[in-house]
1. Identify, from the list T6, T55, T12, the residue that is of a type outside the set (A, V, I, L, M) and modelled with pLDDT under 90.
2. For the range 10-61, give me every one of the strands (runs of 3 or more DSSP E) that falls completely inside it and has 1 or more residues that are near the ligand (Cβ under 9 Å from one of its atoms) and in contact with a strand residue (DSSP E or B) (Cβ under 6 Å, 6 or more places away or on another chain).
Amino acid sequence: MTTVLTPASPLTAADRCDRCGAQAYLRVVLASGGELLFCAHHGRKFEPELKKIATEIHDESGRLTATPATAGEDER
Ligand SMILES: [Zn+2]
């Protein structure tokens, strides 16, 4: 078994938002080399700031709308 860490590896239910502990749907790769995980809510909230410091933002929040069961906190 070989474990390869790739930046593009999908987020799982074990990945949690750094802010609130909800399931993470965004992975932010920082220019400094670190990574941050955010739920869809906080990903949107911090997106303007994240874009200044991130080299990559993997947004998987689209999976939320693809799921019949919703959390019901998605505002438009
Ligand atoms: Zn959050």
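The values are calculated or read from the model by the stated rules, or taken from the named source; none is laboratory data. All values reported here derive from a predicted model rather than from experimental measurement. Glycine gets a Cβ as well: all are built from the backbone with ideal geometry, and neighbour counts include every protein chain shown.
1. Working: T55 fails: modelled with pLDDT under 90; T12 fails: modelled with pLDDT under 90.
Selected residue: T6, the only one of T6, T55, T12 that is of a type outside the set (A, V, I, L, M) and modelled with pLDDT under 90.
2. Numbers: elements: 26-30, 35-38, 54-59.
Once the strands (runs of 3 or more DSSP E) in the range 10-61 are filtered for at least 1 residues that are near the ligand (Cβ under 9 Å from one of its atoms) and in contact with a strand residue (DSSP E or B) (Cβ under 6 Å, 6 or more places away or on another chain), what remains is 35-38.
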